[in-house]
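Here is the structure we will look at, set down as structure tokens.
The values are calculated or read from the model by the stated rules, or taken from the named source; none is laboratory data. Remember, it's a predicted structure, so these values are computed and weren't measured experimentally. Cβ placement follows ideal geometry from the backbone for every residue including glycine, while neighbour counts extend to all protein chains displayed.
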Amino acid sequence: MDNPRATAQSIKQSPRNKVHTTMTEFDQILARVDRLLDRLEQWLPPGTAPDWTAQAWRWRNSGARGWLEAVHRPHRLTLQDLCCIDAQRDAIDRNTCQFLAGAGANNVLLWGSRGTGKSSLIKALFNTYRDQGLRLIEIDKNNLIQLPDILDLIHPRPERFILFCDDLSFDAGESGYQALKAVLEGSIHAAPDNLLIYATSNRRHLLPEFQQENQDARIVDGEIHHGESVEEKIALSDRFGLWLSFYPFNQAEYLSICHHWLERLGADPRDIQGTDPRDIQEIERAALQWALRRGSRSGRTAWQFARDWAGQQAMQAARVE
């Protein structure tokens with residue numbers, strides 16, 4: 001019987017086995033090259049230029065690669081749809097008109113209670129002035145680190161751009177915080193004249209604030225010194241030239257918004273001559289119960305109630321027919 005060790009050594013040294021070993025190593029090299037190309041592809045610029053025929057865009061990214069994705073069906077809100085925020089509407093409308101005219105205008109921070117019309121106000125402004133050259137770019141806070149890329153794209157354009165960042169807030173150490181602060185009057189590179197930043201937030205200072213920071217305040221020689229972290233929290237929001245505050249609606253305002261949306265949806269009994277007042281009271285009672293279940297008398301809650309009520313009325317009318 002042949003020696004097993006000698007036989008194995010013979011197989012290992014055979015030409016056919018050497019070719020097999022070489023091909024296997026070559027396949028491994030190809031696989032590694034494919035993986036490397038996949039990683040490099042994320043860092044390459046997008047293959048297409050922005051669609052400047054659109055009027056609104058959303059900034060999208062894949063890895064370190066970002067591009068403007070056209071939005072051809074933006075939300076069709078109007079300024080007339082925004083009830084009980086007249087002062088805020090007038091202030092941002094004036095600021096936007098100044099911006100379109102090339103006059104002095106400020107970046108705007110809209111902060112306050114949820115569902116009170118902050119985001120809707122920006123969308124309605126865009127719809128109002130889009131035919132006058134106003135354009136809207138929406139960006140998520142996680143992509144703010146790529147703000148310089150956006151500025152380079154829009155700098156040579158003739159249109160006037162609003163950069164819209166919704167629900168803006170940061171945790172300590174987030175990179176997007178510093179990027180946004182640099183664009184808002186904090187960089188040696190000037191922001192384009194055809195750009196304003198409109199941001200919404202539930203927080204006035206955009207960063208969480210803790211009780212410990214108040215406890216750290218101390219009196220030294222008659223002077224009150226807060227921690228440097230407090231100054232850091234105020235630094236970003238202070239760069240917005242115009243602050244607009246939004247507060248919860250009272251009961252009368254909430255019911256007014258409910259009736260507005262019911263009217264828009266063709267389901268408001270007040271539009272029908274000879275309507276029994278008890279029908280209106282029934283709707284308002286249902287609207288208040290809806291808000292109580294949601295724990296909020298907001299414009300968003302009013303819209304959701306109106307849509308549900310109108311849907312019920314449509315279903316009842318269909319059964320009668």
Looking at (1) in contact (Cβ under 8 Å) with a residue 40 or more places away in the chain; (2) of a type in the set (D, E, K, R); (3) in contact with a helix residue (DSSP H, G or I) (Cβ under 9 Å, 6 or more places away or on another chain), find the lone condition where D93 falls short. (1)
Return the total of residues in region 106-122 being farther than 18 Å from S296 by Cβ and part of a loop (DSSP other than H, G, I, E, B). 2
Could you check region 54-105 and list, in sequence order, the residues that are more than 30 Å from Y254 (Cβ to Cβ) and assigned to a loop (DSSP other than H, G, I, E, B)? A54, Q55, G63, A64, V71, H72, A101, G102, A103, G104, A105
Those residues that are modelled with pLDDT of 85 or more, under 15 Å from the mean Cα position of the chain (by Cα) and either within 12 Å of R239 (Cα to Cα) or part of a strand (DSSP E or B) (or both), I need them from region 158-195; list them, please. I162, L163, F164, C165
Going by what's in this entry, would R278 be described as among the basic types (K, R), free of Cβ contacts under 8 Å to residues at least 12 places away in the same chain and within 18 Å of S113 (Cα to Cα)? no
